[in-house]
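The values are calculated or read from the model by the stated rules, or taken from the named source; none is laboratory data. The structure presented is a predicted model; accordingly, all values stated were derived computationally and were not measured. Note that each Cβ is placed from the backbone with ideal geometry, even for glycine, and that neighbours are counted across all protein chains shown.
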Amino acid sequence: MAHDASILPKTQARLAKPQIGGAPNQGLPAVVRRSRRDPTDAIWSLLCSIRFAIGMNVALAVAAMLGTLVPQMQPGIQSFETELQRFLMDARGRYGPLSDLLYWAGFYDLYNSLWFRMLVVVVVFGIIACTLNRWQPIMRQIGSPTVRVSDSFLAGLTEKAQFRAVPMEIDAARNAVASALKRSRYRVLTEGSMDGRGIHIYADRDRWSKLVTFVSHAALVSLIVTAAGLANFGWREQSVFFYPGKPVNVGHDTNFEVRNDGFAIEYYDDGVTVKEYRNTLAVIEGGREVLTKTIIVNDPLNYKGTNFFLVSYQPVLYASATDASGLPVPLREMGASGPITSTTELGEVLIDFKFTSTDNQPMDLLQVSAQDKILTLEMTYYQDVARVDGENPPLYVRGYVGKEFDKPIFDAFVPRSSPLRLPGYEDYSFTFEKDTATVLEVAKDPGLGLVGSFFGIMALGFTVSLYTTYTRCWAKVSPSTTVPGTSDIIIAGLADKNKVSFERDFEKLATRAYEALVAGSKALPTPVDKS
Amino acid sequence: MGFEEYVFGLNEATLTSAAYVCYLAAFVFYSAYLISLSSRALRVPQREFATLMALAGAGGAAGGTVDVNMDSQEGERPRVTYAPALGRLAVGLVVLAWLCMTIAIGQRWVESGHYPVVTLYEIATMLVWGTTTIYLVLFEGILKTRALGAFVILLIFCLQSYALWFIPGELKQTVQLVPALRSYWLIIHVSIAILAYSAFAVAAGAGLTFVAKHYMRSRLASALPSEAAIEEFMFRAVAVGFPLQTLLLITGAIWAQEAWTKAWSWDPKETWALITWLTYAAYLHVRVQRGVRGITMAWLSLIGFIIVLFTFMGVNYLVQWFGMKSMHTYSIDNGAPAGLNIAGLLMVFSFVALLAVALFGWLRIKFPRSKTRQT
Ligand code: HEM
C-alpha cells in the first residue's frame, strides 16, 4: 500500500481511517500473519476471516436444509434392526443405489452425523477466534480514541459542518461545541493541537454497543456448548404405556411410581373431532400418594425434574371368556412372535391392540381352546362407531377355527348388549370391557433453564446491537486565518451504521452547535457552510 | 362455514376482496405518486444554512427522502405537483385495506373460536395483514418514507393473490384446533412469526425498490430515494425482523418442550425457521462486518424472503411431496388434495428460483479486500 500522501492525495483520506482506530464497519486490521507457511497461523486467520464466518453460516443453513429434503430416521431406530431395515428398504426404493452412500454419509440422521456436528464445532471456534482477534483492537478503539486527527481525515468524512470566522476566542468556541455535543449525548474529550494554536475535540456515543456483540456471541457459544453438553445428562422414554390403575416406575433411578387414574376425552360439537384429552396421574412415593395432576397435551406433569408428557391414548379391552358351567376359560393373547398367556387372576386378559388392521384401525388377536379346537379371534377396534355407555365396545370380530383363516365362522361387530357367542361354540361366551391406556413420553432434560437464559441474553444482545449505533465526532477549533480574533470550526461525524439516519442526526447536532455558537458570540458567525 | 357469516352486513369474503381492491388501487396511486415526483426534478434553490437546518428539522418535504439538489440554478421554483395528494391517497387506501383485513381476521377469530392461524389460507392472510402493519408503522410512520410504497404494496398484493386465488376453496374454511395447538403459546408464538416474516417481507419490498433503482435507467428511478437510503430502510426492516426471528425460535422451543416433549426436534418447520435466522444473520454479517451496502444487500434480502416464504408456506408442500413428517402442517391433515396444484407449482418455482437467486446473489457478493472500503 502506498502511504505517500503527496503522490496520492485522494487515497490519503481513506488511508487515514485505520490510523484512528479502524474504519467504521470493516473488521479491524487482523493480527498480522508472521509467516504464511505456519499452519496454525493459517488456520487462525481462516477462522478469523469474515468471509469464512459468513461461508460457515451459509453452510450450516444449507446442511440444515438438506435434512428437511431427505427423510430422517426416527431417533433410536438403529437399535431396532427390523425397523432400520424397513427404513433402508424405503430409502433404496427412493434413491436407488445412491441410498447406501447417503446412509454411509449420515444423511438419514443428518443432525446427529459427525460432519454436521463438526460444522457446528467449527462455527463455535470461528466465533471464539473472531472474538479474541477483535478484542484488543476494539478495546483500543473505544478505550483510547485518537483525539488529534489530521485535517485531511476530517475532510474525508462525509458528515461535516464548517463555521468560518465565528467571532469568538477558540476556548469559548470549544466550550460551545462541547456543550452542543453533550446535549446530543456525546462523551467529549479535548486536546490541544500539535502546533499549539488550535484545539481538537473528540466525542463519542454508545461506545459500549461495540461490546454487546461480544456478549451476544458469547451467549450463542455458551448456548450451543451447554445444549450439546447437557444432552448427555438427560434421558427419555418415548412411549410408556400407562394402563388404568396400574402404577409404573419408569426406571432411571426414579424412586416413585406414577399411576393412570383416569382418562377423559372431549369432542367438538361435531362429536368426531377431538378437542382435548386429559389424563389424571397420581404420583406414589414410599407407598403414599404424594401428588395428583390432570395433564393435557400442553401441560405435562413435572415431578422431581422428570416430565410426563401426554402423547396419545389407546383403547384397551379387558376380555374374558366362560364355558357352559360359567367357569373362566384361559385366554391367550397373541404376541408379536406367537401366542402368549397373560391371563389375570380373574381370567381376564388385557388387549392393548398391538397391531393395526388393513384399514388402519387398532387390532389384536386372541386364542382360546374350545372343544379340542383352537379358536382365534381377530378383533378390530372402531373408535368412530358410536356405542353408548353400558353397551359392548365397538369391536369388530372375525372368528376362525384352527388354521382355516380363509373361512371365518363369525364376521361382525360384537352384539350391543349381550356377550359374544360364536356359531357352533355357543357354550362359550366372551365379554369385553373397554378402557383407555395413555401413552406418555417420560423424560428428564436437565439444565434447559440455563440454555434458555443464554438464548434470552443472546436475543437481547442482538436487539441492542441492532438498535444502537456507535457514533464518533471530531472537531477542530482554530484561529481564523482570514479575520483576526475569530475562530474557524469544523465538526465531522462518523456512524457505525445507519449512515442515512445519521445524516439527519448530524444536522441536528450542527444546528445545536450553531445555536450554541450564536448564543456565545456577539454576532452571527459568517459565513456558514454545510456540506 | 367461514364465508357466510355477516357482521355489519359485511362478511369475511367481502372484506378481504375489498382489501384486495384497495391494495391494487394503492399500488396504482403509489406508482402515480412516483411518476408525478419524477416528472420534475425537485429543485430547491440554494438556501442559507439556517433555513436548511429548519428544513431538516421538519423532516424534509417527502419524509427526508427527497434529494435536495443544492446545485440547481438560483431562483427556480418548484412547479405545482400532485405528488403529495397522490401519496396521501395511496396511504389512505392502504389504511383502508388494513382496516378491512383487521375486521375480516377478527370475524374469523370470533367465528372459529380460536386465533385464526392454523391453515395455509389463514397464515397467508395474516402475512398480508402483518406486512401492511409493519409497512405502515415502520416506513410511513417511523421512517417517514413514501417512495417505497409501490413495491411493498405490490408484494402484498402478490401475497394476497396467492391466498385468494391459489388456495383451493375448501381449504379456506375454518378448522377445529387439534389438542396440541390449544395453548396460549399459539397466540404468542405465531404472532411473533407473523411479525418477523412480515418485517422480512417489507425488507424484500425495499429490496425490490433497490433493484429497480439500481437497474432502471428511467426517470422513474429519480423519484426513488438514493440507493444508500433504500438500503438503510431495508436494513431497518431486517432489524425489526431479526430479533423477532430470534424470539420466534425461543418461544417455539419453549412451546415444543411443553407440547411435543422436546425443545428441539429438527422438525422441518423449525429447521426452516433456523435456516431463515441463519440467512438473515448472514445478511447482517455481510452488512455490519464487511460494510457492504450496495445491490448485494438487495439480493440477499430477496433470497432471505424466498426462504421466509418457504418456511412459512412451503414446508407444507415438502410434507406432501417428499413424504417428510412434520408436526407443523397446517391444512394438509385437513384433506388437502395431494399432488401438484397451482400453488404447489408456485412453490416448486420459488424453490428453483431460490437456488438460482442464491447462486446469483452469492456470486455478486463482492468481498472487498481493502479494509477501508466504504459504502
Ligand atoms: C462464525 C461465526 C460468527 C462470527 C465470527 C461472528 C462475528 C460477528 C462480528 C464480528 C460481528 C460484528 C460486530 C460489530 O462490528 O459490531 C457480528 C455481528 C452480528 N452477529 Fe455474528 N458472528 C458469528 C455467528 C453469528 C450467528 C450464528 C449469529 C446468529 C444467528 C450471529 C448474529 C449476529 C448479529 C445479529 C450481529 C449484528 C450485530 C450488530 O448489528 O452490531 N452471528 N458477528
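Do you know which of the residues in the range A:185-227 that are in a loop (DSSP other than H, G, I, E, B), away from the ligand (no atom under 16 Å from the Cβ) and crowded, with 18+ Cβ neighbours inside 10 Å is farthest from the other protein chains (Cβ to nearest Cβ)? Among them, the one singled out is A:198. Can you pull out the residues in the range A:398-418 that are out of contact with any Phe, Trp or Tyr (no Cβ under 6 Å at 6 or more places or on another chain) and under 30 Å from residue A:265 (Cα atoms)? Selection gives A:398, A:411, A:412, A:414, A:415, A:416, A:417, A:418. What pairs come out if I take residues in the range B:261-277 that are under 19 Å from residue A:223 (Cα atoms) and pair them with residues that are of a type in the set (Lys, Arg) whose C-beta lies under 9 Å away, six or more apart or interchain? Filtered contacts from the range B:261-277: B:262/A:236.
Taking residue A:487, is it closer than 19 Å to residue A:153 by Cα, away from every other protein chain (no Cβ under 11 Å) and at pLDDT below 90? Criteria not met by residue A:487.
Scanning the range A:383-409 for residues that are part of a loop (DSSP other than H, G, I, E, B) and of a type in the set (Gly, Ala, Ser) yields A:386, A:390, A:402. One residue stands out in the range B:133-157 among those that are outside any loop (DSSP other than H, G, I, E, B), of a type outside the set (A, V, I, L, M, F, W, C) and in contact (Cβ under 8 Å) with a residue 40 or more places away in the chain: the one that is nearest to residue B:87 (Cα to Cα), namely B:149. Only a single criterion out of (1) part of a loop (DSSP other than H, G, I, E, B); (2) in contact (Cβ under 8 Å) with a residue 24 or more places away in the chain; (3) away from chain B (no Cβ under 14 Å) is not satisfied by residue A:473, namely (1). Under the condition of being more than 8 Å from chain A (Cβ to nearest Cβ) and closer than 16 Å to residue A:444 by Cα, the residues counted in the range B:249-259 number 1. When the residues of the range B:250-295 are filtered to those that are among the aromatic types (Phe, Trp, Tyr) and within 13 Å of the ligand (Cβ to nearest atom), the one that is surrounded by the fewest Cβ atoms within 10 Å (Cβ to Cβ) is B:277.
Here is a yes/no grid of residues against (1) part of a helix (DSSP H, G or I); (2) within 15 Å of the ligand (Cβ to nearest atom); (3) touching a residue at least 40 places away in the same chain (Cβ under 8 Å):
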residue	(1), (2), (3)
A:93	yes, no, no
A:102	yes, no, no
A:127	yes, yes, yes
A:136	yes, yes, no
A:141	yes, yes, yes
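Among the conditions (1) out of contact with any Asp or Glu (no Cβ under 8 Å at 6 or more places or on another chain); (2) part of a strand (DSSP E or B); (3) within 21 Å of residue A:324 (Cβ to Cβ), residue A:412 misses just one, which is (3). Total residues in the range A:47-76 satisfying the condition of being within 16 Å of the ligand (Cβ to nearest atom) and facing chain B (nearest Cβ under 7 Å): the figure is 10. Please work out if residue B:168 is touching a residue at least 24 places away in the same chain (Cβ under 8 Å) and surrounded by fewer than 18 Cβ atoms within 10 Å (Cβ to Cβ). Judged against the criteria, residue B:168 is a match.
Might you let me know whether the range B:135-152 holds any residue that is surrounded by fewer than 23 Cβ atoms within 10 Å (Cβ to Cβ) and either at pLDDT below 85 or at positive phi (or both)? Yes, the range B:135-152 has at least one match.
This table checks each residue for (1) more than 15 Å from residue A:65 (Cα to Cα); (2) in contact with a Ser or Thr (Cβ under 6 Å, 6 or more places away or on another chain); (3) of a type in the set (A, V, I, L, M, F, W, C).
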{"position": "A:82", "(1), (2), (3)": "yes, no, no"}
{"position": "A:85", "(1), (2), (3)": "yes, no, no"}
{"position": "A:90", "(1), (2), (3)": "yes, no, no"}
{"position": "A:93", "(1), (2), (3)": "yes, no, no"}
{"position": "A:100", "(1), (2), (3)": "yes, no, no"}
{"position": "A:104", "(1), (2), (3)": "yes, no, yes"}
{"position": "A:109", "(1), (2), (3)": "no, no, no"}
{"position": "A:114", "(1), (2), (3)": "yes, no, yes"}
{"position": "A:118", "(1), (2), (3)": "yes, no, yes"}
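Selection within the range A:388-402: residues that are in contact with a Leu (Cβ under 9 Å, 6 or more places away or on another chain) and more than 16 Å from residue A:423 (Cα to Cα). The member of this set that is surrounded by the fewest Cβ atoms within 10 Å (Cβ to Cβ) is A:393.
On the basis of being touching a residue at least 12 places away in the same chain (Cβ under 8 Å), crowded, with 16+ Cβ neighbours inside 10 Å and either within 16 Å of the ligand (Cβ to nearest atom) or not aromatic (Phe, Trp, Tyr) (or both), does residue A:441 make the cut? Spell out the reasoning first.
Numbers: touching a residue at least 12 places away in the same chain (Cβ under 8 Å): yes; crowded, with 16+ Cβ neighbours inside 10 Å: yes; either within 16 Å of the ligand (Cβ to nearest atom) or not aromatic (Phe, Trp, Tyr) (or both): yes.
It is true that residue A:441 is touching a residue at least 12 places away in the same chain (Cβ under 8 Å), crowded, with 16+ Cβ neighbours inside 10 Å and either within 16 Å of the ligand (Cβ to nearest atom) or not aromatic (Phe, Trp, Tyr) (or both).
Just checking, which of A:440, A:420, A:466, A:448 is aliphatic (A, V, I, L, M) and away from every other protein chain (no Cβ under 11 Å)? Spell out how you get there, then give the answer.
On the way: A:440 fails: away from every other protein chain (no Cβ under 11 Å); A:466 fails: away from every other protein chain (no Cβ under 11 Å); A:448 fails: away from every other protein chain (no Cβ under 11 Å).
It is A:420.
Only a single criterion out of (1) in a helix (DSSP H, G or I); (2) within 16 Å of the ligand (Cβ to nearest atom); (3) basic (Lys, Arg) is not satisfied by residue A:504, namely (2). Before we move on, is residue A:110 part of a helix (DSSP H, G or I) and either within 28 Å of residue B:311 (Cβ to Cβ) or within 14 Å of chain B (Cβ to nearest Cβ) (or both)? Against the criterion (part of a helix (DSSP H, G or I) and either within 28 Å of residue B:311 (Cβ to Cβ) or within 14 Å of chain B (Cβ to nearest Cβ) (or both)), residue A:110 qualifies.
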